[in-house]
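Asks: Just dropping this structure here.
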Amino acid sequence: MIEAGVELLIPFIMAAVLEKNDALFSMRMGAVMFAIVLCGSVLATLGQYCSAKAAAFVSERLRGDMYKKINSLEFADIDKLGAASLINRLTADVNALQNAVLFFVRIAIRAPFLIFGSIVFAMLIDRGIALIIVACLPFLIASFYFITRRLVPRYTKIQKTLDGITLETKENLEGVRVVRAFNKREQEVSEFKKYTEQYSDMSIGAGKMSAALGPLNTLIINIGVAAIVFFVARAVQAERFDAANISAFVSYMIQIVTALNMVTHLTLSFVKASASNKRVKELFDVQSGTEREGGYGGGTEIFGAPPLKKNESGGENGTEFYNIEVSGNVSGPKNIDISDNGTEFHNIDVLGNVSGFKNLDLSDNATGFKNIDLSDNVSVFKNIDVSDNILEFKSVNFGYDKNGLVLQNISFSLKRGETLGIIGGTGSGKTTLINLIPRFYEVLGGGIFYNGTNIRGIPREILRREIAVVAQEAAVFSGTVKDNIRFGTDLTDEEIISAATLAQAREFIEKLPLGYDSPTEQSGRNLSGGQKQRISIARGIARKGRILILDDSSSALDYLTESKLRAALARMTDTTKIIVSQRTSSVAAADKILVLDKGKLVGSGKHEELLKECKIYAKIYESQNL
């Protein structure tokens, strides 16, 4: 604002110099104007720096919040919005908002101040002629409204078209080997050209409309200048106006034109930002899984907590304990008080020769306890269901949309420490089924129970701590081998080496130049498919989840390495394992095998049983053992 005030003083001083027509006065005023211009330059530089810094800060915070939001979205939300659209929202849309902030901080106060300041100073010189400038303002405002009203929807469509270009580019780069192998480069270029031509046509259309704003404003201002010159000339002839003030009027008109050009740029940047703001807001309006659940509730929920010690209170004010394990010759907990203010213990796992519990109430619907010495006034535990099943599907139905079900009436149970194999043809629903366990997607019917509790009642973040998933596509990130196995968890070097050993990755890792500190490039470009899979498996093992899910994650391994991996997994007796595979050899040793076909469970049992009773499984086995 001070910078704008400095600019407004110059024409006023010039008019005074011309009117005074005194050499000494002119020299003094010249020195004053030089100082004013110097001050204005410093302030302009400082203003530009501050506006750029403010815009960069806003974009940094916004990108951080958006990235955090994207990472909190469920798979269904990401599928709906699209990866390409999310990338553009995080880049192009934020850039548009950053430019809008930059222009706003620099221009939003300065330009109006220049316009209205010019009008005020013009009125100080001659109020009647200054009214001509005021008369131009309604026409200028109308032109801004007319143009911007039509530009906002156009820029929204342009951003959506840009999403299409990004998606086409992403798919082409990811499938570049396939495109070249089938010699489809010309076809891909043609498809890409369609998107770019559409984007170009829409951008040109919006550009033509926005380009009309500048000339239209210039026309209105020039008409105003012509009117001012006409009336000033008549006033000079009538000796009602000093000719020295003409330069000041023209200068103020030029400043108004300059300020309006700034407003034009600001308006166009706001038009683009308005379209981007809608897309960013649309992202933030999507509720994450935790938000849908309303957080974790008022009380504290502890899943997988250690057994209570002597004289330990289970907590007050709504504390809830889930999945408490008391296994293997446990003795000595005494005086456990969990009776105050709604404290609840869910899914207490008490296995094997537990003795010495005193003052516990196990009178209501307690089931599944074995070999437990419960003498001396047992009180307070109620409604405890200690089922041996760690995971159970009950009549589960699921579909990605309303067009049809991908999984129909799936029911099975899995005990702690067991290994479940899942096999079936391509598109049978194997990956979809395991994606329901960590609540990547929500079931449409039936229920999934973890330790006897419906997973809908367990917050996603806590549920996923219990489950380690190794996906079909081996995910290797830029960094080091150690970083990829650790992946944000606090693991010791010994734990990393142990996980790599079980995953059959230790041998090749130790042959790398820097061993576990060897660099990994983006997407693991410097590793083979089998090496990437073994690092991914090591990451899953290192997580130490109660359930380990391997989704066809050994497909790139040779049979000998896979055989060693199966033997290593079999030694993980405390971990429940779910193995999805196309190979019958990968699941043959499982305690239970599920056979899926077109989303339906067509077989369940051990390998030998399925060979006799399930035609689809027998057919798969025979085709792989010819």
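The values are calculated or read from the model by the stated rules, or taken from the named source; none is laboratory data. Owing to the predicted nature of the structure, the values given are computational and were not obtained by experimental measurement. Quick reminder, even Gly has a Cβ in these numbers, built from the backbone with ideal geometry, and neighbours come from all protein chains shown. Note: accessible area is taken over every heavy atom of the protein model, side chains too, but ligands, DNA and RNA are not part of it. Shrake-Rupley method; radii C 1.70, N 1.55, O 1.52, S 1.80 Å.
Asks: Just one of the numbered conditions (1) touching a helix residue (DSSP H, G or I) at 6+ places or on another chain (Cβ under 7 Å); (2) open to solvent by less than 60 Å² (accessible area, probe 1.4 Å) is not true of residue 200; which one?
Replies: (1)
Asks: Follow-up question, since we're still on this one. Just checking, which of 350, 396 is open to solvent by less than 20 Å² (accessible area, probe 1.4 Å), at negative phi, at pLDDT below 85 and part of a strand (DSSP E or B)?
Replies: Checking each option against the conditions leaves just 350.
Asks: How many of the residues in the range 484-499 are open to solvent by less than 40 Å² (accessible area, probe 1.4 Å) and farther than 30 Å from residue 432 by Cβ?
Replies: Of the residues in the range 484-499, 2 are open to solvent by less than 40 Å² (accessible area, probe 1.4 Å) and farther than 30 Å from residue 432 by Cβ.
Asks: Sticking with this one: Is it true that residue 534 is without any contact (Cβ under 8 Å) to a residue 60 or more places away in the chain, among the charged types (D, E, K, R), within 17 Å of residue 475 (Cα to Cα) and surrounded by fewer than 21 Cβ atoms within 10 Å (Cβ to Cβ)?
Replies: Criteria not met by residue 534.
To keep it simple, each residue is scored yes or no on (1) open to solvent by less than 10 Å² (accessible area, probe 1.4 Å); (2) over 28 Å from residue 483 (Cβ atoms); (3) part of a loop (DSSP other than H, G, I, E, B).
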| residue | (1), (2), (3) |
| --- | --- |
| 540 | yes, no, no |
| 564 | no, no, no |
| 574 | no, no, yes |
| 579 | no, no, no |
| 582 | no, yes, yes |
| 595 | yes, yes, no |
| 602 | no, yes, no |
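Asks: What's the total number of residues in the range 500-518 that are open to solvent by 80 Å² or more (accessible area, probe 1.4 Å) and not in a helix (DSSP H, G or I)?
Replies: 2
Asks: Yes or no: residue 161 surrounded by fewer than 16 Cβ atoms within 10 Å (Cβ to Cβ), of a type outside the set (A, V, I, L, M), within 22 Å of the chain's Cα centre (by Cα) and on the phi < 0 side of the Ramachandran plot?
Replies: no
Asks: Do you know which of the residues in the range 19-41 that are at negative phi and open to solvent by 90 Å² or more (accessible area, probe 1.4 Å) is modelled with the highest pLDDT?
Replies: By that ranking, first place goes to 38.
Asks: Pairs under 8 Å by beta carbon, first residue closer than 11 Å to residue 118 by Cα in the range 255-267, partner surrounded by fewer than 22 Cβ atoms within 10 Å (Cβ to Cβ) and among the aliphatic types (A, V, I, L, M), six or more apart or different chains?
Replies: Between residues of the range 255-267 that are closer than 11 Å to residue 118 by Cα and residues that are surrounded by fewer than 22 Cβ atoms within 10 Å (Cβ to Cβ) and among the aliphatic types (A, V, I, L, M), the close pairs are 255/8; 256/119; 256/221; 257/221.
Asks: Give the residue that is nearest to residue 467 (Cα to Cα), with candidates limited to residues of the range 542-553 that are open to solvent by less than 20 Å² (accessible area, probe 1.4 Å) and of a type outside the set (A, V, I, L, M).
Replies: 545
Asks: Scan the range 481-531 residue by residue and report those that are of a type in the set (A, V, I, L, M, F, W, C) and touching a residue at least 40 places away in the same chain (Cβ under 8 Å).
Replies: Those that are of a type in the set (A, V, I, L, M, F, W, C) and touching a residue at least 40 places away in the same chain (Cβ under 8 Å): 481, 485, 487, 491, 496, 499, 502, 503, 527.
Asks: When the residues of the range 444-483 are narrowed to those that are open to solvent by less than 50 Å² (accessible area, probe 1.4 Å) and part of a helix (DSSP H, G or I), which ends up nearest to residue 397 (Cα to Cα)?
Replies: Looking at the filtered set, the residue picked out is 455.
One line per residue, one yes/no per condition, for (1) open to solvent by 40 Å² or more (accessible area, probe 1.4 Å); (2) more than 18 Å from residue 461 (Cα to Cα); (3) among the basic types (Lys, Arg):
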{"position": "55", "(1), (2), (3)": "no, yes, no"}
{"position": "58", "(1), (2), (3)": "yes, yes, no"}
{"position": "61", "(1), (2), (3)": "yes, yes, yes"}
{"position": "66", "(1), (2), (3)": "no, yes, no"}
{"position": "74", "(1), (2), (3)": "no, no, no"}
{"position": "80", "(1), (2), (3)": "yes, yes, yes"}
{"position": "84", "(1), (2), (3)": "no, yes, no"}
{"position": "89", "(1), (2), (3)": "no, yes, yes"}
{"position": "92", "(1), (2), (3)": "no, yes, no"}
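Asks: Sort through 133, 141 and tell me the only one that's in a helix (DSSP H, G or I) and touching a residue at least 40 places away in the same chain (Cβ under 8 Å).
Replies: 133
Asks: Separate question: Can you tell me which residues in the range 590-619 are over 22 Å from residue 570 (Cβ atoms), touching a strand residue (DSSP E or B) at 6+ places or on another chain (Cβ under 9 Å) and of a type in the set (A, V, I, L, M, F, W, C)?
Replies: Listed by number, the residues that qualify are 596, 601, 602, 614, 616.
Asks: Right, residue 545: touching a residue at least 60 places away in the same chain (Cβ under 8 Å), out of contact with any Gly (no Cβ under 7 Å at 6 or more places or on another chain), farther than 29 Å from residue 614 by Cα and not aromatic (Phe, Trp, Tyr) or not?
Replies: Spelling it out, residue 545 is indeed touching a residue at least 60 places away in the same chain (Cβ under 8 Å), out of contact with any Gly (no Cβ under 7 Å at 6 or more places or on another chain), farther than 29 Å from residue 614 by Cα and not aromatic (Phe, Trp, Tyr).
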